[in-house]
Amino acid sequence: MKKRVAILGSTGSIGTQALEVIQAQPQAFEVEVLTAHSNANLLIAQAIAFQPNAVVITQEDLYEDVRDALETYPIKVYAGMNAVNSVVQMDTVDIVLTAMVGYAGLQPTIKAIEAGKAIALANKETLVVAGQLITQLAREKGVNIYPVDSEHSAIFQCLAGEFHNPIEKIVLTASGGPFRGKDRSFLQTVTKAQALKHPNWEMGAKITIDSASLMNKGLEVIEAKWLFGLRNDQIEVVVHPQSIVHSLVQFEDGSLKAQMGLPDMKLPIQYALHYPHRLKSSFPRFNFLDYPQLTFEKPDLETFRNLSLAFEAMERGGNAPCILNAANEVAVAAFLREEVGFLEMSDLISDCLAKVAYIAEPSLDDFVQTDKEARQVALSLMQA
Ligand SMILES: NC(=O)C1=CN([C@@H]2O[C@H](COP(=O)(O)OP(=O)(O)OC[C@H]3O[C@@H](n4cnc5c(N)ncnc54)[C@H](OP(=O)(O)O)[C@@H]3O)[C@@H](O)[C@H]2O)C=CC1
Ligand SMILES: CC(=O)[C@@H](O)[C@H](O)COP(=O)(O)O
Ligand SMILES: [Mn+2]
């Protein structure tokens, strides 16, 4: 039986790579739903190529363009976030790949879990904002969440066959980004173009800036906590500039397992969509002789404050990671508009964490309110 896949964010880096995976494995997958935000032309082209049952464009003013272009095809066309929340619940969807960026991933993931759909989770912000709520809901509904993020996929792959063996700790690898080894005076003047040059991965703009500031690793620490049910002190970060060792698990006997390979998201995407079976692929193979040195170093938490801020938010718990995430989204968007400097992003996040009301046991409504409030506070701090 083919798996019928809903791809939320099909026009992005993960979304387009997921479609490549699906195209290469037509016996295993078919596309049931595609959603995009602003890139109507690419959504239309994808819909014509993959013939899904339904597409959604979340930017509502683009609805007519998409509808008119797909008029002669048997494809349902919808617009807006409410439509995304509905299509993920369609009977014909088997698995939902959450490949949209940011807080926008939260509601549709909840809706998909409520409808009992398996989740292939790329959108790490969902677990950062509301990890406890999401994982509890998934348990209640008997829904599996398969990680797509490369580090979490690595850990998940290391855990295969180890479900009776407790984890002692996990080690998340970080590339260190384009500014690894630089000091704060260097970071003061770095440009958007420099920050967008990731040394190893081709990704969307938001996650690429997060990688440069090490916020990506902070978000991944929180994501790992919830995905693997870990205590905070079981999560370690090590900088590994080659991005070949994707992450490691240490078991209670001291054995360390790592998952390795060239940096290519198609493998973790395919693994998540087709778990537990690996599909034969032509993804480029790693050769040790091309990498005579795999190196590891300590992250510089003083220069890259975002990673410490994420650890602090995780320690505080409650709605603190939600505040961190919202402030970071505002900060990154402002950095990409060249309205704030690289180091100012951390100041903004730190000030938001201090100013937005703390809630120890937030409900879903509390998260929605916290996200709103944190964005307002961040914007007002930028204008001050
Ligand atoms: N890229 C990567 O290699 C990795 C990404 N991830 C995670 O996966 C997610 C996607 O990342 P990536 O593919 O790089 O991001 P991109 O920016 O490349 O793509 C984002 C996708 O989300 C859509 N989108 C943007 N804003 C909204 C919104 N407000 N509502 C609904 N949809 C929206 C975009 O639509 P449109 O383009 O039409 O505007 C696009 O399809 C992120 O959470 C990221 O952290 C995790 C690991 C690796
Ligand atoms: C591909 C992927 O999973 C990204 O999250 C990647 O890991 C970013 O790299 P760094 O954050 O380690 O620079
Ligand atoms: Mn990652």
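Please treat every number below as a calculation from the coordinates, not as lab data. This one's a predicted model, so the numbers in the text were calculated from it and none came from an experiment. Glycine gets a Cβ as well: all are built from the backbone with ideal geometry, and neighbour counts include every protein chain shown.
So here's what we get for this one:
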read-out: Residue with peak Gaussian network fluctuation, the chain [Cα springs, cutoff 10 Å], from Ala360, Ala272, Ala258; value: Ala360
read-out: Calculated FRET efficiency for the pair Gln383/Ala24, C-beta based, R₀ 56 Å, to 0.05; value: 0.70
read-out: Eligible lysines near Lys182 by straight Cα distance, threshold 22 Å, same-chain separation 8 or greater; value: Lys192, Lys197, Lys206, Lys217, Lys298
read-out: HN-Hα J in Hz across segment 111-117 - Karplus 6.51, -1.76, 1.60, θ = phi - 60°, x for Gly and Pro; value: 4, 5, 5, 4, 8, x, 7
read-out: Residues Asp371, Asp264, sorted so that the one with the fewest Cβ neighbours within 10 Å comes first; value: Asp264, Asp371
read-out: Of every Cα-Cα pair in the chain, the percent that sits beyond 26 Å; value: 52 percent
read-out: Amide proton proximity set for Lys76, modelled H, under 5 Å, gap of 5+; value: Ala54, Val55
read-out: Highest-first arrangement of 171-177, 27-33, where packing means the average Cβ count within 10 Å; value: 171-177, 27-33
read-out: Peptide ranges 151-163, 277-289 listed from the most packed, as the mean C-beta count within 10 angstrom indicates; value: 151-163, 277-289
read-out: Where Rh is the Kirkwood radius over Cα pairs, Rg/Rh for segment 312-363; value: 1.03
read-out: Extension gain from Asn287 to Gln234, taking 0.36 nm per residue of separation minus the Cα-Cα distance; value: 16.0 nm
read-out: Those lysines that a straight Cα-Cα span of less than 16 Å connects to Lys257, excepting residues fewer than 8 apart in one chain; value: Lys169
read-out: Burial order of peptide ranges 97-103, 140-146 (average beta-carbon count within 10 Å, highest first); value: 97-103, 140-146
read-out: Relative contact order (%) - the chain, alpha-carbon pairs under 8 angstrom, separation at least six; value: 15 percent
read-out: Theoretical ellipticity at 222 nm over the chain - DSSP helices of four or more residues, -39500 (n - 2.57) apiece, nearest 500; value: -14000 deg cm²/dmol
read-out: Calculated FRET efficiency for the pair Glu162/Glu140, C-beta based, R₀ 35 Å, to 0.05; value: 0.90
read-out: Average projected area [Cα convex hull, segment 125-176], square nanometres; value: 4.8 nm²
read-out: Phi to ³J(HN,Hα) by Karplus 6.51 cos²θ - 1.76 cosθ + 1.60 over segment 298-311, Hz, x for Gly, Pro; value: 7, x, 8, 6, 6, 6, 9, 5, 4, 5, 5, 4, 5, 4
read-out: Beta bridges by DSSP in the chain, antiparallel share as percent, to the nearest 5; value: 25 percent
read-out: Segment 59-89: GluC sites (Glu not before Pro) in DSSP loop, at most 11 other beta carbons within 10 Å; value: Glu71
read-out: Average Cα contact separation per residue, segment 3-143, under 8 Å, 6 or more apart, as relative contact order %; value: 23 percent
